[in-house]
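Chemist: The structure that follows is given in the form of structure tokens.
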Amino acid sequence: MRFQVPQFIEVEDKLFGPLTFKQFIYIAGAIGLSVILFTLLPKFLALLISVPVLVLGAALAFYKMNERPFIQVMEDFLHYSISSKLYVWKKEDRKPIAQQTQTSTAAPQVYVPKLSESKLKDLSWSLDIKENSNPVTKDTV
């Protein structure tokens, strides 16, 4: 039994002449809003407002930025503008503990790497390291 596999599924169908349905809605909406502005407002003010509306409608319908539709770019910009951000002013360079102990006269400290996210495992690791670095024998106690 043979089945026909659809091809060109990424391409939207042209419904209104050379325009897809989305393109037609964007253009028709921009033109409709411009007509309403010209009927309600003075001509000069309507012209000042309707030109950006028509440019936005044309950009939504035809312009692609980095192979992405302009509506997606606007949505990403809005999401970035509204969402919370983390600003880091200065990042301090930490010197390893081994370098700090060489310059100071205090007793040398053992560098303990951070191995896991669990606080319990970190605690047990640090206790094991301290026991192994300073072994306490029965003779010294």
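Nothing in this text is a laboratory measurement; each read-out follows from the coordinates by a stated rule. All values reported here derive from a predicted model rather than from experimental measurement. Don't worry about glycine lacking a Cβ; one is built from the backbone with ideal geometry, like all the others, and counts go over all protein chains shown.
Chemist: So for each of 37-43, 54-60 I average, over its residues, the number of other beta carbons within 10 Å; can you give me the resulting order with the highest mean first?
Modeler: The packing order, highest mean first, is 54-60, 37-43.
Chemist: For Thr20 and Ser83, what does the FRET efficiency come to when R0 = 30 Å and r is the distance between their Cβ atoms, rounded to the nearest 0.05?
Modeler: Efficiency at R0 = 30 Å is approximately 0.45.
Chemist: Taking the number of other C-beta atoms within 10 Å as the exposure measure, put Tyr63, Tyr26, Tyr80 in order starting with the fewest.
Modeler: The most exposed by this proxy come first: Tyr80, Tyr63, Tyr26.
Chemist: Would you mind calculating the gained length between Ile49 and Arg94 on full extension (0.36 nm times residue separation, minus the Cα-Cα distance), in nm to one decimal?
Modeler: The Ile49-Arg94 span can extend by a further 10.7 nm.
Chemist: I need Asp76, Asp93 ordered by Cβ neighbour count within 10 Å, fewest first.
Modeler: Ordered from fewest to most neighbouring Cβ atoms within 10 Å, Asp76, Asp93 come out as Asp93, Asp76.
Chemist: Quick check: from the Cα gyration tensor, does the stretch 10-80 come out rounded (a/c under 1.5), prolate or oblate?
Modeler: oblate
Chemist: Need the full-extension length gain, Glu67 to Asp128, defined as separation in residues times 0.36 nm minus the C-alpha distance. One decimal, nm.
Modeler: Fully extending the segment from Glu67 to Asp128 adds 16.4 nm.
Chemist: Based only on other Cβ atoms within 10 Å, what is the fewest-to-most ordering of Ile71, Ile27, Ile82?
Modeler: Starting with the residue having the fewest Cβ neighbours, the order is Ile82, Ile71, Ile27.
Chemist: What is the gain in length, in nm to one decimal, between Asp76 and Gln4 on full extension, counting 0.36 nm per residue of separation less the C-alpha to C-alpha distance?
Modeler: This chain segment gains 22.2 nm when fully extended.
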